[in-house]
Amino acid sequence: MKEIVDIIRAFQSHRGRSLALATLVRAQGSSYRRPGAHMLVCPDGTTVGSLSGGCLEEEVARRAFEVIQTGAPSLMSFDTRLRFGCNGAIEVFVEVGRASFFSQLAEHFAARRNCRAMTVFSGVVGQLGTRMLGVGEEPLTEAFVQEIKAPIQLLIFGDGPDSIPVRSFAQTLGWSVIDIDQASDLPTRADERTAAVVKSHNYGRDFAALRHLLQLDLRYVGLLGPRKRRDQLLGALLDDGVSLDSELFAPAGLDLGAETPEEIALALIAEIQTVFADASGESLRDRKAPIHGWNVARAHTQVAKCEALAR
């Protein structure tokens, strides 16, 4: 998510200049990044985003400068089994980024709308490149289609020593953070990418916030404090007829052995990330399935469909 935010900012600061966009469109076996990873290369040598653990970026940037000069896109293949530390192979498509694509991407993010981007990396030259897909529009063959979701919006209700690190971690990840002091200032509606943390440490204020938030059908509402206090609040809310439509995480946070404000903030942010990524939060050491799990299959589904149509 932070990658997309940074790419939008770089485009806006280099508006009117040719920029190269590199997109990882295919991956087989193990790779540091998966299809959908982007890197923007600016004429001044600035790069934004990443395609690997730092192994490929310099070579891709050199090719990107050639693409900017000639205007001709390029599909690069890397066998990471032979040259790098991963056990797989990836393909990276490099093109001169379309200003219309970056502008539409910025508009979608500002409006908090999910969108789909299509990168045509093989086929007719005139069709190659990355652009937004319209609602209901079918992708072309040999295209990688990526769903780009709106950034997570985090509502923080209440202050405290952990507020600064919570905000810092969230912003580092590219999330949108809104600090709220009074329950009356909470939004009356929230989208599917909105999470909330209640941490005023005041029973009455937390009750008022939860009374509002738990009816918004949020995927994550975190409440700091012990279980006994949670049970008291939930009992009072149910007695008050509040509908518990949101998912409540209380006590909030993953079990990281957190004690300090920074550690508590890390536990909160990690739990929210786990929820919105539909991840397990388990140690990768204990995971039997591939690291990227079902997300890999979903990322390759559209390409597989396109290839089947092409045969």
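The values are calculated or read from the model by the stated rules, or taken from the named source; none is laboratory data. If you're wondering where the values come from, they're calculated on a predicted model, not measured in any experiment. Virtual Cβ from ideal backbone geometry, glycine too; neighbours counted across all protein chains shown.
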List the number of the failed condition for I7; all other conditions in (1) over 16 Å from the mean Cα position of the chain (by Cα); (2) in contact (Cβ under 8 Å) with a residue 24 or more places away in the chain hold. (1)
Identify the residue in the range 123-137 that is modelled with pLDDT of 90 or more and part of a loop (DSSP other than H, G, I, E, B) and, among all such residues, is farthest from the chain's Cα centre (by Cα). L128
Within the range 163-273, which helices (runs of 4 or more DSSP H) (wholly inside it) include 1 or more residues that are under 17 Å from Q153 (Cα atoms)? 163-172, 203-213
Here's a check for you: in the range 274-297, which residue that is modelled with pLDDT of 75 or more and outside any helix (DSSP H, G or I) is nearest to L173 (Cα to Cα)? A277
Any chance you could count how many residues in the range 217-239 are crowded, with 19+ Cβ neighbours inside 10 Å and out of contact with any Pro (no Cβ under 8 Å at 6 or more places or on another chain)? 5
Enumeration of residues in the range 159-177 that are surrounded by 19 or more Cβ atoms within 10 Å (Cβ to Cβ) and of a type outside the set (D, E): V166, F169, A170, W175
Going by the conditions given, is S52 over 20 Å from I152 (Cβ atoms), surrounded by 21 or more Cβ atoms within 10 Å (Cβ to Cβ), hydroxyl-bearing (S, T, Y) and in contact with a Lys or Arg (Cβ under 7 Å, 6 or more places away or on another chain)? yes
List, please: which pairs have Cβ atoms under 8 Å, are six or more places apart or on different chains, and start with a residue in the range 85-96 that is farther than 19 Å from S18 by Cα and modelled with pLDDT of 85 or more and end with one that is outside any strand (DSSP E or B) and aromatic (F, W, Y)? E91/F121
I'm trying to understand the selection: among the residues of the range 19-52, which are under 18 Å from V5 (Cα atoms), part of a loop (DSSP other than H, G, I, E, B) and without any contact (Cβ under 8 Å) to a residue 60 or more places away in the chain? R33, A37, C42, T46, S50, L51
Say whether the condition of being part of a strand (DSSP E or B), among the polar types (S, T, N, Q) and at pLDDT 95 or above is met by at least one residue in the range 64-81. yes
Only residues that are closer than 18 Å to L216 by Cα and assigned to a strand (DSSP E or B): list them for the range 140-162, please. Q153, L154, L155, I156, F157
